[in-house]
Structure formats: C-alpha cells, structure tokens
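The values are calculated or read from the model by the stated rules, or taken from the named source; none is laboratory data. The shown structure was predicted, so the numbers you read here are calculated from the model rather than taken from an experiment. Cβ placement follows ideal geometry from the backbone for every residue including glycine, while neighbour counts extend to all protein chains displayed.
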Amino acid sequence: MFWRLVRRSFWQSQRRTRVALVALWLAAMVSAALLNLYFDARQKVGSELRRYGANLMVTPASLPGGSAAELLAESLAADLERAAEGRLSHVLPFLYAVAEVSGQSVVLAGTWLDRATDLRAHAQLSGEWLEDREDRERCLIGMAVATRFGLEPGRHLTVRYANREKRLQVAGVIRTGSQEDNAILVNLSAAQALTASPEKVSVLLARGEGRPEVLDALAGELTAKFPGIVVKPLREMAESEARVLDRIQGMLWGTTAVVLLLTALSVLTTMTALATERRREVGLWKALGGSQRGIARLFLAEAALGALLAGIVGAAPGIALSRWLGQQIFSSQVAVRWVTLPAALGITLGVALLGTYVALRWVQSLEPAMILREN
Amino acid sequence: MFLRLLRASLARGRRRFLLALLALALGSGVAAAALNVALDVGDKLARELRSFGANILILPKADTVPVEIGGVDLRPLSEGSFLREDDLAKLKKIFWRHHILAMVPYLYQRARLADGSTAQLVGTWFAKAVPRDDGTTFTTGLRTLHPAWQLEGHWPGDAADAEVLLGARLAARLSAHSGSELTLQLPGSHPTRLRVQGVVATGGAEDDQAFVPLAWLQGVTGRSGSVRRAEVSALVSPEDAFAQRAPASMTPAEYDRWYCTPYVSSIAYQIGEALPNTDVRVVRRVAQAESALLTRIRWLMALVSLAALLAAALAMMSTMRAAVLERRREIALMKALGAAGVSLTGLFLTEAALVGAAGGIVGYGVGRVGAELIARTVFGAGVAANLWLGALVLLLAVGVALAGALLPLRQLYGYDPATILKET
C-alpha cells in the first residue's frame with residue numbers, strides 16, 4: 001500500500017518536481033566531478049609547479065665560503081635517490097667553475113645535460129642540444145656569452161682553467177633570462193676533466209614531493225643518513241607551492257558546498273510548493289486518522305526515490321565530466337576513483353532529504369481542519 | 001488597472017512574495033559570494049605565484065659577461081658596466097606601472113671576514129620608498145619581492161647605516177645573531193663594523209650571503225648611484241601564441257593590443273623603452289611556469305563560477321515555478337473571466353521582475369558579506385567589492401525569475417481553465 005502510494009504520487013508529481021530533479025541531477029554531477037578531480041588536483045597542479053624548478057638543494061656540510069670550496073661525490077645523486085625511496089626525483093648534479101675565455105672570466109657549469117629536461121623545456125635554443133652524457137667535445141653557451149665572443153652553433157671556443165685548456169665546439173645557444181645566459185654549459189664529465197676534480201660536483205638540486213613539513217622531514221632524514229652533506233628545502237618554493245595548492249583545493253571544496261547548498265534550496269522550495277499544493281490531500285489523510293509519520297514517510301520516500309534516480313543518472317556523467325575537465329585544465333588524464341560514485345549518491349540523497357524535511361516541518365505545522373475548510 | 005492589480009496581488013500574496021524573495025536573495029547571494037571569491041582567488045593566486053621570484057631582469061647593455069653563481073655576480077666592481085639606481089623610479093611611469101609589484105636593485109662585493117674567510121655582500125633595497133609622479137611613494141625591496149622570507153630579528157633600514165641581514169648558514173658559521181656585531185674588510189680599505197639586524201633562512205644561495213643597505217655599500221665602495229642589476233616582479237597575464245610574436249611583425253592594431261595587455265613580454269618591452277641602454281630579460285623559467293599555471297587556474301575559475309551560477313539559476317527557477325503553479329486557480333479564473341493572455345503574462349512577469357530585482361539587490365548584499373566571511377576564514381584576507389558583479393547578479397536574478405515564471409505560465413495557458421477550476 002505504502003509503495004503504491006509512493007509510486008503513484010512520484011509519477012504524478014514528476015512534472016512539478018522536474019526543476020528539483022534537474023537540480024539534484026546537477027548536484028550529483030558536480031559533486032562527482034569535483035570529488036574525482038579533487039583527489040588529482042593537488043598532484044596535477046603540483047606537477048605544474050614543478051616547472052618552477054627544484055625545491056631541495058644538497059651542499060657540502062662544511063661551507064663553500066672561500067674559494068677552496070669542498071665538493072660532493074657524483075655518486076651521491078644515485079645514493080640519495082635510492083635512500084629517499086621514491087620521494088625524490090629529478091636529482092641533478094652541478095659542478096661550477098670560473099673559467100677563462102680569451103682572457104675573460106666566464107662561468108662553466110657541468111651537469112648531466114641529457115637529464116636536464118627542466119632546463120631544456122624552458123630554454124629557447126638555437127642549434128642543437130647535447131643528447132649524450134659522454135659528449136665532452138661540445139658545449140651549449142648562453143646568449144650573453146654568444147654575443148660577447150661572437151659565437152654561433154658550429155664555431156669553436158677555447159676554455160682555460162688553471163693551466164689546462166679545452167677546445168669545445170658550440171652545439172647550441174640558449175636563452176633562459178637567468179644565469180644560464182651568462183654561462184658555458186658542458187656535460188659533467190667534461191667539467192670534471194677540465195677542473196681536475198673527477199667524480200666531484202659542487203651542488204645537487206632535486207625535487208621532493210609533499211608539503212613543506214614533509215620536505216623538512218625528508219631533508220633532515222637524508223642529512224642524518226649521509227655524513228658530510230646538508231640537504232635543505234628551498235623554503236620559499238616549498239611554502240608558496242603548498243599555499244597555491246591549498247587554495248585550489250579549498251576552492252574545489254567551496255564550490256561543491258555552494259552547489260549542494262543551492263540544490264538543497266531548490267529541493268526545499270519545490271517540496272514546499274508540492275506539499276502546499278497537496279495540503280488538501282494531507283489534510284484529508286490527517287482527518288482520516290493518518291499519522292504525521294505516515295505523511296513524512298511518503299514525502300521522504302518520494303524525495304529519496306528522486307534523489308537516487310537523479311544521483312545515478314548524474315554521477316556517471318559527472319565522472320566523465322571530471323575526466324574531460326582534467327584534460328582541459330591539466331592536459332592530462334584524471335584517474336577514475338569509484339569511491340566518488342557512492343559518495344556523490346550519498347550526498348545527493350542527503351541534500352534531497354534535508355530539503356524535504358525542512359519543507360515537511362513547515363507543512364506539518366498546519367491544522368487539518370483549517371486546510372479542509374479553506375475551500 | 002494594471003498597476004492596481006499588481007499592487008493588490010503583491011499585497012495579498014505577501015507570504016508567497018516574501019518566500020520567493022528569500023529564495024531569490026539566497027540563490028543570488030550564494031552565487032555572488034562564490035563568484036566574488038572565485039574571481040578574487042584568481043587574482044590572489046596570481047599574486048601568490050609572484051612569490052616564486054622575479055620574472056624580469058634588467059642588466060646594463062654593452063656589459064662584459066657576468067660571472068654569476070647562485071644568483072650573485074662575482075665580478076669585481078672595477079669590471080663591467082652598471083645601471084643607474086635613480087632610473088628605477090622610471091619603472092613606475094610605464095603603461096603597466098600598477099602591475100609592477102616590486103623592483104629590487106643589487107650591487108655585489110666580496111668582503112674578507114675576521115676569520116680570514118670571505119663572504120658575499122649584497123647591497124640592496126629592503127623596503128625603500130620610491131617617489132612616484134603623483135607625489136606618493138611606492139615601497140619596494142626584498143621585503144616585497146620575497147614576502148615569504150622568514151627572518152629572526154628585524155629587516156635593516158635603507159639608509160646608509162652599517163647594518164646587515166645575514167644568511168642562516170653564514171650566521172651559523174660566524175655564530176652571529178641579531179644584535180651582534182660583524183667585522184669585515186672590503187678590498188683596499190680598513191675593517192668596518194656592521195650591526196647584525198636579522199638572520200634569514202631560505203634554504204638557497206641566500207643562506208651564504210650578507211644583505212646590506214645599497215646606499216651603504218655604494219658609499220664604502222665609491223660606487224654611489226650604481227647598481228649591477230635589478231630584478232622586477234610584475235603581475236602578468238598568461239602568455240598565448242599572440243604574446244610570443246615579435247612586436248616588429250605586428251600590424252598597428254595588433255601592436256596596440258599587445259602593448260595594452262599585461263603580458264610579461266610587453267611589460268619587459270615597456271621597461272626597455274623607459275630605460276634605454278639596458279638589456280631587459282624575461283626570466284623564462286618563471287614566466288613559462290606562471291603562464292601555464294595561470295591558464296589552468298583560469299579554467300578552474302570558469303568551471304567553479306559556471307557551476308555556482310547554474311545551481312543558483314536552478315534554485316531560483318524552482319522557486320518561481322512553485323510560486324506560479326500555486327496560483328493556477330487564480331490564473332484559470334482570470335482567464336475564464338476573459339482576461340487576455342498578454343495582459344495576464346504581463347502582470348505575472350512584472351511581478352517576477354520585481355521579485356527578481358529585489359532578490360538580486362538583497363542577494364548581492366548577502367553575497368558580499370558571505371564572500372568577505374569566506375575569504376577571511378579561508379584566505380585570511382578580505383575581497384575587493386566588484387561592482388560589475390553586482391550588475392551581473394541583478395541581471396541573473398531578474399532573468400532567472402522571468403524565465404522561471406514564463407515557463408509554467410505557458411504551460412498553464414495550454415490548459416482549459418475549466419479543467420483547472422474543476423480540479424478541486
């Protein structure tokens with residue numbers, strides 16, 4: 001009997017509750033999309049922030065204060081990456097020296113040019129990049145160096161350090177707008193050979209994952225594990241990153257909350273109107289001895305049915321929407337997390353029941369006799 | 001007649017009117033708050049991204065190659081060319097002057113410490129008041145360029161006093177702290193004593209440097225008015241394909257559009273115009289990362305605003321729909337008495353527009369308060385009022401109220417009034 005009533009009244013009122021159903025459907029879709037996006041947003045924006053560069057720096061424990069700076073072992077790059085167990089990426093060693101070209105001081109920077117993907121991505125290059133780590137005969141030069149010495153790709157230059165000399169061919173000219181513009185970039189092994197410091201590097205830069213506290217802990221752990229080095233988070237970078245990420249996440253939460261609130265409002269008004277319209281029905285039910293709870297159950301069951309229907313129809317496209325949005329916003333795939341499906345359904349149900357409950361409270365305050373007499 | 005009907009209808013249906021007004025105000029209020037925050041967050045995030053460092057670098061033209069490691073120029077002061085410190089004020093005269101958030105000059109000098117080691121001195125502005133054309137001043141320096149720097153102690157002043165801000169590792173090595181004194185010797189001069197004002201830890205190359213007032217360093221090195229370089233932090237729009245074209249290849253109309261958009265390239269170009277004989281470089285790493293992020297954030301904002309607007313429109317529509325359907329008997333009666341469809345529609349739509357306008361105005365007020373509350377709790381800062389947002393919300397409320405009323409009205413006209421009247 002109860003279910004027959006629910007079914008009949010649901011289909012009869014369907015036309016009038018259409019707007020509320022659309023709102024519920026929208027709520028299901030938006031909450032599913034944003035929840036699904038939420039999990040990935042941090043990581044995706046984080047990978048975008050990575051373009052700003054490294055957030056960890058490794059230097060020798062004793063300070064490179066004077067000219068006789070101590071150096072690190074090149075093997076440390078691999079050791080650190082292993083010890084960090086996946087929490088560290090893009091570890092790059094750098095060896096700096098102030099060399100001479102035609103009697104003028106120029107910074108010579110040695111690194112693994114084949115792995116310097118970050119530098120390569122933002123540098124404007126004319127000529128070609130050095131793809132082979134063992135290439136010791138060629139170099140990349142910064143734009144300022146090229147202008148100063150009138151060099152272009154294919155030409156040669158001679159670099160002097162202490163009493164050693166090395167003739168290098170210019171493979172490419174790069175422009176980054178920062179210190180690389182003033183330097184000669186070579187492979188690490190070439191720089192080590194010229195400065196006679198085999199297997200040595202001046203500094204390591206790396207990228208760690210996680211919040212500033214996590215980075216602090218990782219840096220502390222690695223500093224303790226490897227004697228003679230200091231691992232330090234580049235604090236400004238790490239903290240700005242965390243702030244940007246927190247804000248973006250907060251905004252996704254906020255939007256979901258706003259959409260749900262508005263949906264509850266539209267359910268509330270629709271249900272109030274529906275209940276008002278059917279108050280004769282309600283009055284009759286009450287006059288015939290029907291209980292308050294019976295009416296409440298009828299209305300709530302109706303709302304739940306609508307919410308489930310809207311939720312099922314809305315959540316699936318919501319997840320599809322989040323994938324599309326992920327593609328648009330982050331240009332990469334967003335993983336589907338199935339937990340968002342029941343979550344979105346539950347939220348939609350909750351919002352519908354809440355709206356209906358508030359509407360019922362209002363209608364139930366009416367006296368049956370008054371309603372019936374009204375006409 | 002029309003006005004009397006309208007007045008009577010509004011007066012008699014006061015409860016209904018208030019309910020619709022409440023729903024519309026709440027709907028447009030929440031939408032206004034969400035939009036206000038979303039718009040402002042975009043701006044806040046853009047400023048947040050500026051804390052990743054300067055995006056424009058100014059160097060003297062016709063210079064020798066800077067010998068630069070860890071952001072510090074190691075050349076002795078006898079070598080290379082310099083910028084004029086006074087010229088930096090011209091940056092606040094360019095077209096996009098309001099987008100210049102900070103500009104910081106640098107002068108570098110190595111000094112010998114008491115223990116025989118050396119330290120890199122960086123002469124710079126901390127919070128210098130630069131005069132502007134309109135008589136006001138613009139405060140800029142390391143403090144505005146690096147708002148996230150945490151320091152123990154105080155920032156040094158910008159007068160030519162012997163004060164210093166030490167990098168954390170340098171301070172640890174010298175066991176110096178704020179309040180202690182530091183003795184150092186510059187090449188070719190007597191030992192000087194500096195007062196340590198503060199210690200800063202950034203984790204980067206700054207930890208090994210000593211920051212001193214520019215005026216002091218210029219005085220002791222005899223380089224008054226000269227700086228090696230300047231860093232500029234400018235608030236920019238994300239770069240697109242258009243922004244990357246060479247200005248020389250543009251038509252006059254395109255050139256105007258490019259010039260009047262705050263792309264990092266056009267701001268750099270304008271700085272070059274204001275400071276001849278300089279080499280203005282865009283720091284590509286920062287500019288590109290910033291541009292990519294800003295594009296993504298814009299998409300996210302659009303999505304958020306759209307979702308909020310859609311939900312608000314639906315909520316308001318359901319209210320209007322309910323309000324009209326509630327009066328179906330009334331409408332049927334009027335129609336049965338021979339009222340023309342047009343005048344009936346006019347009456348109801350005027351009512352809807354009135355409710356919509358009132359709801360929109362109240363909603364905007366509610367939204368402003370809401371946005372302020374959200375921004376204060378989430379971001380710890382207020383939001384700027386946005387007048388065109390008010391207009392948008394008002395338009396939305398009226399539009400949605402009209403649409404919400406029109407749809408069920410049309411439906412009702414389709415029915416025979418007799419059926420509706422007989423219904424009860």
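Can you tell me which residues in region A:166-186 are in a strand (DSSP E or B) and surrounded by fewer than 24 Cβ atoms within 10 Å (Cβ to Cβ)?
A:166, A:167, A:168, A:169, A:170, A:171, A:172, A:173, A:175
Name the single residue that is nearest to residue A:259 (Cα to Cα) among those in region B:292-306 being surrounded by 23 or more Cβ atoms within 10 Å (Cβ to Cβ) and of a type outside the set (Val, Ile, Thr).
Step by step, filter region B:292-306, then rank; the result is B:300.
In region A:274-329, which residues are within 14 Å of another protein chain (Cβ to nearest Cβ), at pLDDT 80 or above and either surrounded by 21 or more Cβ atoms within 10 Å (Cβ to Cβ) or not in a helix (DSSP H, G or I) (or both)?
A:303, A:306, A:310, A:314, A:318, A:322
Out of the residues in region B:136-164 that are charged (D, E, K, R) and closer than 27 Å to residue B:115 by Cβ, state the one that is farthest from the other protein chains (Cβ to nearest Cβ). Explain how you work it out, then say what you get.
From region B:136-164, those charged (D, E, K, R) are B:143, B:152, B:158, B:161, B:163; that's our starting set.
If we keep only those that are closer than 27 Å to residue B:115 by Cβ too, we end up with B:152, B:161, B:163.
Working: B:152: 14, B:161: 25, B:163: 21 Å.
Ranking the qualifying residues of region B:136-164, first place goes to B:161.
Could you give me the residue pairs with C-beta distances under 8 Å whose first residue belongs to region A:215-229 and is over 15 Å from residue A:56 (Cα atoms), whose second residue is assigned to a loop (DSSP other than H, G, I, E, B) and at pLDDT 90 or above wherever it lies, and which are 6+ apart or on separate chains?
If the second residue must be assigned to a loop (DSSP other than H, G, I, E, B) and at pLDDT 90 or above, no pairs are left.
Identify the residue in region B:165-196 that is more than 14 Å from every other protein chain (Cβ to nearest Cβ) and within 29 Å of residue A:243 (Cβ to Cβ) and, among all such residues, is modelled with the highest pLDDT.
Within region B:165-196, the match that is modelled with the highest pLDDT is B:165.
Mind listing just one residue for me: the one in region A:187-212 that is part of a helix (DSSP H, G or I) and within 14 Å of chain B (Cβ to nearest Cβ) and, of those, farthest from residue A:157 (Cα to Cα)?
Per the stated criteria, the residue is A:212.
Take the residues of region A:19-50 that are among the polar types (S, T, N, Q) and either crowded, with 22+ Cβ neighbours inside 10 Å or touching a His at 6+ places or on another chain (Cβ under 7 Å) (or both): which is nearest to residue A:237 (Cα to Cα)?
A:36
What is the residue count in region B:83-134 for residues that are among the hydroxyl-bearing types (Ser, Thr, Tyr) and farther than 17 Å from residue B:220 by Cβ?
Residues that pass the stated criteria total 1.
Only one residue in A:145, A:91, A:107, A:98 is among the aliphatic types (A, V, I, L, M), surrounded by fewer than 20 Cβ atoms within 10 Å (Cβ to Cβ) and touching a strand residue (DSSP E or B) at 6+ places or on another chain (Cβ under 7 Å). Which one?
A:98
For region B:40-72, give me each residue that is more than 9 Å from chain A (Cβ to nearest Cβ) and not in a helix (DSSP H, G or I).
Within region B:40-72, B:54, B:58, B:60, B:61, B:62, B:72 qualify.
Just one of (1) out of contact with any helix residue (DSSP H, G or I) (no Cβ under 8 Å at 6 or more places or on another chain); (2) more than 7 Å from every other protein chain (Cβ to nearest Cβ); (3) touching a residue at least 40 places away in the same chain (Cβ under 8 Å) trips up residue B:272, so point out which.
(3)
Give just the number: which of (1) assigned to a strand (DSSP E or B); (2) within 35 Å of the chain's Cα centre (by Cα) does residue B:216 not satisfy?
(1)
State all residues of region B:126-140 that are within 13 Å of residue B:158 (Cβ to Cβ) and more than 19 Å from the chain's Cα centre (by Cα); if no residue qualifies, say none.
Once the filter is applied, which keeps residues that are within 13 Å of residue B:158 (Cβ to Cβ) and more than 19 Å from the chain's Cα centre (by Cα), region B:126-140 yields B:126, B:127, B:128, B:129, B:130, B:137.
Which condition number does residue A:224 fail, the rest of (1) assigned to a helix (DSSP H, G or I); (2) within 14 Å of chain B (Cβ to nearest Cβ); (3) small (Gly, Ala, Ser) being met?
(2)
It is to be established whether one or more residues within region A:129-138 are more than 8 Å from chain B (Cβ to nearest Cβ), buried (at least 20 other Cβ atoms within 10 Å of the Cβ) and in a helix (DSSP H, G or I).
No, the conditions are met nowhere in region A:129-138.
Where in region B:260-367 are the helices (runs of 4 or more DSSP H), entirely inside, with at least 3 residues that are at pLDDT below 80 and over 30 Å from residue A:324 (Cα atoms)?
Fully inside region B:260-367 and qualifying: B:284-326, B:328-336.
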